[in-house]
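Worksheet: one structure, shown below.
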Amino acid sequence: KKGLRQAMREGRWPWRAPYGYVNDTLTKQVVPSQKAPFVQRAFDLVGNEGRAPMQAYKALKQEGMTCSKQGFLDILRREFYMGQIRIREDLNEPEEIVLGQHETIISRDLFNRVQGRLRSKNRTKRSGIQNRHLFPLRGHLECGNCGKKLTGSESQGINKKYAYYHCQGDCKERFAT
């Protein structure tokens, strides 16, 4: 284990090469493979063209990229493609990021743009109430006990869902629809 960590500290990758790279048995290095253009295109679609990750994934699948959805998301999060190696935290050693000896596929700037897109909170916001059609009187009816507005919600039964209007206050008034 210490030997693996030491090799990584020296910038070498001791395991099977990530997608887009291949292990060169002669030089013991990790070099870009024929799949590297897919990685470059993935970062370009998300970072430069502003596509959502799953849109980029579907486009690349049609172009011949072979990896799972989770594998694709892992590619977009990996520092390895910009020339860095992350050494995970161990019991008595902190996490480190070191410069690798392998050739980079993408630039640091592009990697950072993609990370910003992946972290952004407003990627796909859902607007408003999802079941508005079930409760057209929501906010228009008043509670008979306390006078507050009634809202609507569904409860899951054993075989089906049940819709109710109920008070937003503490009086527990409830009406089935």
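The values are calculated or read from the model by the stated rules, or taken from the named source; none is laboratory data. All values derive from a computational prediction rather than experimental measurement. Virtual Cβ from ideal backbone geometry, glycine too; neighbours counted across all protein chains shown. Remember, those area values only see protein heavy atoms, side chains included, never the ligands or the DNA or RNA. Shrake-Rupley method; radii C 1.70, N 1.55, O 1.52, S 1.80 Å.
Values for this structure:
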{"quantity": "Restricting region 6-40 to residues that are within 24 Å of the chain's Cα centre (by Cα) and charged (D, E, K, R), the residue that is nearest to Tyr81 (Cα to Cα)", "calculated": "Lys35"}
{"quantity": "Test: residue in region 78-87 that is open to solvent by 40 Å² or more (accessible area, probe 1.4 Å), in a helix (DSSP H, G or I) and either of a type in the set (A, V, I, L, M) or touching a residue at least 24 places away in the same chain (Cβ under 8 Å) (or both)", "calculated": "no"}
{"quantity": "Of all residues in region 8-39 being of a type in the set (D, E, K, R) and in a loop (DSSP other than H, G, I, E, B), the one that is farthest from Gly64 (Cα to Cα)", "calculated": "Glu10"}
{"quantity": "Pick from region 40-61, criterion over 19 Å from Ser107 (Cα atoms) and assigned to a helix (DSSP H, G or I), ranking: most open to solvent (accessible area, probe 1.4 Å)", "calculated": "Lys58"}
{"quantity": "Within region 88-112, considering residues that are in a loop (DSSP other than H, G, I, E, B) and touching a residue at least 40 places away in the same chain (Cβ under 8 Å), the one nearest to Gly47 (Cα to Cα)", "calculated": "Ile106"}
